[in-house]
Amino acid sequence: MDSLHRELLKVENLTVDFSTKQGTVHAVRGVSFQINTREIIGIVGESGSGKSVSMLAVMNLLAGNGQIVRGSIRFDGQELSAAGKKTKAEKRTHEKMMRDIRGREIGMVFQDPMTYLNPVLKIGTQMTEGIRKHMKCSRAEAHQRAVKLLEQVGIPSPEQRLKQYPYEFSGGMRQRIIIAAALACEPKLLIADEPTTALDVTVQAQILKLIEQSVKGMGVSALVITHDLGVVAELCDKIIIMYGGEIVEQGTVKEIFNETKHPYTKGLLESIEKVEGERTPLHYIPGTPPNLLLMNHGCTFCNRCDKAMKICREYKPAVTVFSEEHSCSCWLYCRDNAQQLVEEQEKERRDSHG
Amino acid sequence: MGEPVIRVEHLKKSFRVKGSFLEKKQYVRAVNDVSFSIEKGETLGIVGESGCGKSTLGRTILKIYQPEEGHIYFEGTDLTDLSEKQMHPYRKKMQMIFQDPYASLNPRFTVGEMIAEPMEIYRMYGRKERMERVRELMEVVGLKPDHIQRYPHEFSGGQRQRIGIARTLALNPEFIVCDEPFSALDVSIQAQIINLLEKIQDEQKISYIVVAHNLNAVRHISHNIGVMYLGRLVEIGPAAKIYSEPLHPYTKALISSIPAADPNSAGMMDRVLLEGEVPSPINVPAGCPFSTRCKYCTEKCRERMPELAEADGRKVACVLFQS
């Protein structure tokens, strides 16, 4: 690895459960990926695929009934995972550490700019809050910085705008403010959860360009969660495809689009309406996403997969590596060592029952 | 070709915005002087950014909102001034599919009751035949007829949208307004619903208006596309023409801002990026509504709204293409 691209965030075997009235929901199961510095990574998946939950787990912002059961999250040499932190004191010190990281080391942009800003506080107050907390500077310095940031994200007359309330801004403007606030403390990583979903296409194009410019300009890494393959194709270097709480395929943008391996990814790509083209029936993935309450032993996608085999329903496929970046977990590519995988999983099941 | 299924002429609809009684009354011009027609078995896609009046247009055509000016013709009959009672027989032929399949179904009705309800209102078929028809409809939209006794919460988003479609089809309509029928659904489910709507259209020769902001989905389902900006139709014509060579500067910007799901394409770099955002529909700029963001804007644009004029096989409202 060269000095330009060194490892920034490494998530290994992350597993998140939510306990609900209906039972335990296994929202994220054994997710592993890595982000290097100066990279933009896109996480793509349908609703309920666990893409947002994995990110909330990284920030330790899971809802009260959710917890990280297993797995490690290493960020810039620090362990962020709260797995195994049982006592109150342990949890408290962990939370304290996380507070220094959120906003300072990792900036976040959320989906809905309408609800994310506090309606009764001026934009200036909200923007300087984080700067003053993390950068240890005076009110005037923080204000100066906020003005400069608003200018950078393309908001005209920032001095006046800082004195206004969120309702005086349009959706696109608010998203710009949130991006400015997320970048205010020069974080190492920017996490953007569906940053353009609530916006119109023409504004979406503006915001995507802004994210790209800021990230490339400031040397920040970014993790963009989206369900729009068009957005990732334009913005990202690498793509992670999630389905039913697992990563089914990951690789560089070119690898995912040109050398698609997993049947789910293929289905997703085929179901995008091409702008040109005739009125022939669209390809689609039959069925609906899995119910995370009722998980079977096999591959999560097997019920909707047109290539499903007997083994898919019974045992989990292993991750097959195709290149440095490109890997995929599907039985189509790991049939050769099926015997060994089946034995391992059988043993695991016996152990967990016994 | 005979009379178009729907013909709309100079339709206008505005809403009063609440202000204090001392203030001057203000109006949002949601739909402003819109005219078009739809032939049997054809789809007109209406695209535009939020607040451009596309949903209001769909609803005004169904007379959910009473139009202020202009006329709506259904197979040659003028519907504009009909009373609710006189509208009754026409409502049967003009139906609507809603955006949010979670909000548009009654949680206390079973699927069977819900699909049968419109037929009860119009006293179609006897009780037994009705239930048979419900099963038939469920099969048409790809639901299992065995699920007739289930409640909406037992279905996923895509299945609920199918229930909504079955309910709409129960009355054998000739014209359906689909208001953002895909936007609440996941990508893989959207394709299923698009295919279903197209299949139904091919079999039953129904005309659609599809209102949506997802430009790709509309492209696939529509024969013609109408682009709206601040209540006005700025360009209307065959979908293939509009997407491949948009003429109006706004259409150009809109089409080029679709992110291409293809890493090999040129991408964002050579895109026509629009400056700023849509102005408030309360204070629509005088003249062409797009003049404030248009880079070809001249003195002439700020004075008068250009009429829709024929240009290269479609109609465009822009001074650049006026003969």
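How many residues are within 12 Å of chain A (Cβ to nearest Cβ) and either farther than 30 Å from B:ASN32 by Cβ or hydroxyl-bearing (Ser, Thr, Tyr) (or both) if we restrict to region B:195-229?
7
So A:HIS5 clears everything in (1) farther than 23 Å from A:MET218 by Cβ; (2) not in a strand (DSSP E or B) except one condition, right? Which one?
Condition (1) is where A:HIS5 drops out.
Would you point out the residue of region A:15-51, among those that are touching a Leu at 6+ places or on another chain (Cβ under 9 Å) and acidic (Asp, Glu), that is farthest from B:SER156 (Cα to Cα)?
A:GLU39
Considering only region B:176-192, how many residues are touching a His at 6+ places or on another chain (Cβ under 9 Å) and more than 9 Å from chain A (Cβ to nearest Cβ)?
Step one: filter region B:176-192 for residues touching a His at 6+ places or on another chain (Cβ under 9 Å), giving B:180, B:183, B:186-187, B:191.
Now drop any that are not more than 9 Å from chain A (Cβ to nearest Cβ), which leaves B:180, B:183.
Final tally of qualifying residues: 2.
Based on what the data block shows, is A:GLN126 touching a residue at least 12 places away in the same chain (Cβ under 8 Å), surrounded by 14 or more Cβ atoms within 10 Å (Cβ to Cβ) and more than 23 Å from A:ILE225 (Cα to Cα)? Step through it out loud before you land on a result.
Details: touching a residue at least 12 places away in the same chain (Cβ under 8 Å): yes; surrounded by 14 or more Cβ atoms within 10 Å (Cβ to Cβ): yes; more than 23 Å from A:ILE225 (Cα to Cα): yes.
Yes: the conditions hold for A:GLN126.
Surrounded by fewer than 19 Cβ atoms within 10 Å (Cβ to Cβ), in a helix (DSSP H, G or I) and either acidic (Asp, Glu) or more than 14 Å from chain B (Cβ to nearest Cβ) (or both): which single residue out of A:GLU234, A:GLU186, A:GLU255, A:GLU159 fits that description? Give the derivation first.
Working: A:GLU234 fails: surrounded by fewer than 19 Cβ atoms within 10 Å (Cβ to Cβ); A:GLU186 fails: in a helix (DSSP H, G or I); A:GLU255 fails: surrounded by fewer than 19 Cβ atoms within 10 Å (Cβ to Cβ).
Residue meeting the stated conditions: A:GLU159.
Return a yes/no flag: does region A:268-288 have any residue that is of a type in the set (A, V, I, L, M) and more than 10 Å from every other protein chain (Cβ to nearest Cβ).
No - not one qualifying residue is present in region A:268-288.
Which of the following residues is more than 8 Å from chain B (Cβ to nearest Cβ), surrounded by fewer than 21 Cβ atoms within 10 Å (Cβ to Cβ) and not basic (Lys, Arg): A:THR226, A:THR260?
Details: A:THR226 fails: surrounded by fewer than 21 Cβ atoms within 10 Å (Cβ to Cβ).
Result of the check over A:THR226, A:THR260: A:THR260.
With the checklist (1) over 28 Å from B:ILE6 (Cα atoms); (2) in a loop (DSSP other than H, G, I, E, B) in hand, flag the one item B:ARG135 doesn't pass.
All conditions pass for B:ARG135, except number (2).
Residue-by-condition table, conditions (1) in a helix (DSSP H, G or I); (2) buried (at least 22 other Cβ atoms within 10 Å of the Cβ):
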| site | (1), (2) |
| --- | --- |
| B:VAL210 | no, yes |
| B:ALA217 | yes, yes |
| B:VAL227 | no, yes |
| B:LYS252 | yes, no |
| B:ILE258 | no, no |
| B:GLU275 | no, no |
| B:CYS288 | no, yes |
| B:GLU307 | no, no |
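Considering only residues that are in a loop (DSSP other than H, G, I, E, B) and within 12 Å of the chain's Cα centre (by Cα), look in region A:47-86 and name the one that is farthest from the other protein chains (Cβ to nearest Cβ). Break it down stepwise before answering.
Taking region A:47-86 and keeping what is in a loop (DSSP other than H, G, I, E, B), we get A:47-50, A:59-65, A:76-77, A:80-86.
Okay, now just the ones that are also within 12 Å of the chain's Cα centre (by Cα), so A:49-50, A:59.
Values: A:SER49: 9, A:GLY50: 14, A:MET59: 25 Å.
Within region A:47-86, the match that is farthest from the other protein chains (Cβ to nearest Cβ) is A:MET59.
Check region A:231-254 and report whether any residue there is over 19 Å from A:ILE41 (Cα atoms), out of contact with any Phe, Trp or Tyr (no Cβ under 8 Å at 6 or more places or on another chain) and among the small types (Gly, Ala, Ser).
As a first pass, look at region A:231-254 and keep what is over 19 Å from A:ILE41 (Cα atoms): A:244.
Then keep just the ones that are out of contact with any Phe, Trp or Tyr (no Cβ under 8 Å at 6 or more places or on another chain); that gives none.
Within region A:231-254, not a single residue is over 19 Å from A:ILE41 (Cα atoms), out of contact with any Phe, Trp or Tyr (no Cβ under 8 Å at 6 or more places or on another chain) and among the small types (Gly, Ala, Ser).
Could you check how many residues of region B:290-305 are crowded, with 19+ Cβ neighbours inside 10 Å and of a type in the set (Phe, Trp, Tyr)?
Residues meeting the conditions: 1.
Of the residues A:VAL275, A:VAL203, only one is more than 28 Å from A:PHE322 (Cβ to Cβ), at pLDDT below 85 and either acidic (Asp, Glu) or outside any loop (DSSP other than H, G, I, E, B) (or both); which? Break it down stepwise before answering.
Details: A:VAL275 fails: either acidic (Asp, Glu) or outside any loop (DSSP other than H, G, I, E, B) (or both).
It is A:VAL203.
So B:ASP186 clears everything in (1) surrounded by fewer than 15 Cβ atoms within 10 Å (Cβ to Cβ); (2) under 26 Å from the mean Cα position of the chain (by Cα); (3) among the acidic types (Asp, Glu) except one condition, right? Which one?
Answer for B:ASP186: the failing condition is (1).
Only one of A:LYS148, A:LYS209 is at the interface with another protein chain (Cβ under 9 Å from one of its Cβ atoms), without any contact (Cβ under 8 Å) to a residue 24 or more places away in the chain and among the basic types (Lys, Arg); which? First the steps, then the outcome.
Details: A:LYS148 fails: at the interface with another protein chain (Cβ under 9 Å from one of its Cβ atoms).
Just one listed residue meets the conditions, A:LYS209.
Without any contact (Cβ under 8 Å) to a residue 40 or more places away in the chain and not acidic (Asp, Glu): is that true of A:LYS316 in this structure? Let's see the steps before the verdict.
Details: without any contact (Cβ under 8 Å) to a residue 40 or more places away in the chain: yes; not acidic (Asp, Glu): yes.
Considered against the rule, which asks whether it is without any contact (Cβ under 8 Å) to a residue 40 or more places away in the chain and not acidic (Asp, Glu), A:LYS316 comes out as yes.
Considering only residues that are under 26 Å from B:PRO306 (Cα atoms) and either among the hydroxyl-bearing types (Ser, Thr, Tyr) or part of a strand (DSSP E or B) (or both), which ones fall in region B:44-69?
If the condition is that a residue be under 26 Å from B:PRO306 (Cα atoms) and either among the hydroxyl-bearing types (Ser, Thr, Tyr) or part of a strand (DSSP E or B) (or both), then B:LEU44, B:GLY45, B:ILE46, B:VAL47, B:SER50, B:SER55, B:THR56, B:THR60, B:GLU69 are the ones that fit.
Can B:TYR90 be described as of a type in the set (Phe, Trp, Tyr), within 29 Å of B:ALA184 (Cβ to Cβ) and part of a helix (DSSP H, G or I)? Explain how you work it out, then say what you get.
On the way: of a type in the set (Phe, Trp, Tyr): yes; within 29 Å of B:ALA184 (Cβ to Cβ): yes; part of a helix (DSSP H, G or I): yes.
Considered against the rule, which asks whether it is of a type in the set (Phe, Trp, Tyr), within 29 Å of B:ALA184 (Cβ to Cβ) and part of a helix (DSSP H, G or I), B:TYR90 comes out as yes.
Considering each residue of region A:92-120, count those that are in contact with a helix residue (DSSP H, G or I) (Cβ under 8 Å, 6 or more places away or on another chain) and either assigned to a loop (DSSP other than H, G, I, E, B) or buried (at least 17 other Cβ atoms within 10 Å of the Cβ) (or both), and give that number.
Narrowing region A:92-120 to residues in contact with a helix residue (DSSP H, G or I) (Cβ under 8 Å, 6 or more places away or on another chain): A:100, A:103-104, A:106-110, A:113-114, A:116-119.
If we keep only those that are either assigned to a loop (DSSP other than H, G, I, E, B) or buried (at least 17 other Cβ atoms within 10 Å of the Cβ) (or both) as well, we get A:103-104, A:106-110, A:113, A:116-119.
Here the count works out to 12.
The values are calculated or read from the model by the stated rules, or taken from the named source; none is laboratory data. Bear in mind that the values here come from a model prediction, so they are computed numbers and not experimental data. Cβ sites come from the backbone with ideal geometry, for glycine too, and all protein chains shown count toward neighbours.
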